[in-house]
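First the structure, in the form of structure tokens, and then the observations on it.
The values are calculated or read from the model by the stated rules, or taken from the named source; none is laboratory data. Model, not experiment: these values are computed from the prediction. Backbone-built Cβ (ideal geometry, glycine too); neighbour counts: all protein chains shown.
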Amino acid sequence: SVTIAVPPPPPSGGGGGGGAPPSSTVVTNLFGTTGGFTIDSNGIVQATITATSADGKLTVTIPAGTKALDKNGKPLTSLKSVINTSPPAPPTGTNIIGLAYSFGPDGAIFAPPITLTWSYDPNTLPTGVAEEALIIAYYDATTGKWVELQGVVDAANNKISASVAHF
């Protein structure tokens, strides 16, 4: 599911100058659901966006006020996420638990960072894997290595969250 809160239209009226920067719509395809959200000409997201994967295990949250820019420093025009059916192999002795996702556009940056939250079933973790040891990582194609994100495991609610500043 994707929840996109649309802000009310700006008040109309006379007066010259000032006011909010012009806005546009960022076209989204998050977890197979298409939609859009408003972003101003400076790249500022106008309302909080929350998108959850079809299996309910991954939620992406982009708070209102987040600056969302493409790799060239221009406001985003699109945002997407798809299941990566053949992710690179994880480092020796580690596992990919659940589904891997690809997010785009490549090079997108977010300030402050957006939040990814994964839910997991502790009964399906590989033998010997402690919940507190779970991490969220991304694959850096330039270095050919997985990069661990700073995350927080909530073992009581079987969730792990991490902040992401770029795709």
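Please tell me if Asn72 is modelled with pLDDT of 95 or more and part of a loop (DSSP other than H, G, I, E, B).
Answer is yes for this residue.
Does any residue in the range 127-140 that is over 17 Å from Ala162 (Cβ atoms) and in a helix (DSSP H, G or I) come within less than 9 Å, Cβ to Cβ, of a residue that is of a type outside the set (A, V, I, L, M, F, W, C) and at pLDDT 90 or above six or more places away or on a different chain, and which pairs are these?
Nothing qualifies.
Could you please let me know if Val82 is assigned to a strand (DSSP E or B) and farther than 30 Å from Ser41 by Cα?
no
Could you figure out which of (1) assigned to a loop (DSSP other than H, G, I, E, B); (2) under 18 Å from Ser161 (Cα atoms) isn't true of Ala51?
Among (1) assigned to a loop (DSSP other than H, G, I, E, B); (2) under 18 Å from Ser161 (Cα atoms), the lone unmet condition for Ala51 is (1).
Residues are listed down the side, and each one gets a yes or a no for (1) closer than 30 Å to Asp40 by Cβ; (2) surrounded by 12 or more Cβ atoms within 10 Å (Cβ to Cβ):
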{"site": "Asn72", "(1), (2)": "yes, no"}
{"site": "Leu76", "(1), (2)": "yes, yes"}
{"site": "Ser86", "(1), (2)": "no, no"}
{"site": "Asn95", "(1), (2)": "no, no"}
{"site": "Phe103", "(1), (2)": "yes, yes"}
{"site": "Ile114", "(1), (2)": "yes, yes"}
{"site": "Pro122", "(1), (2)": "no, no"}
{"site": "Thr127", "(1), (2)": "no, no"}
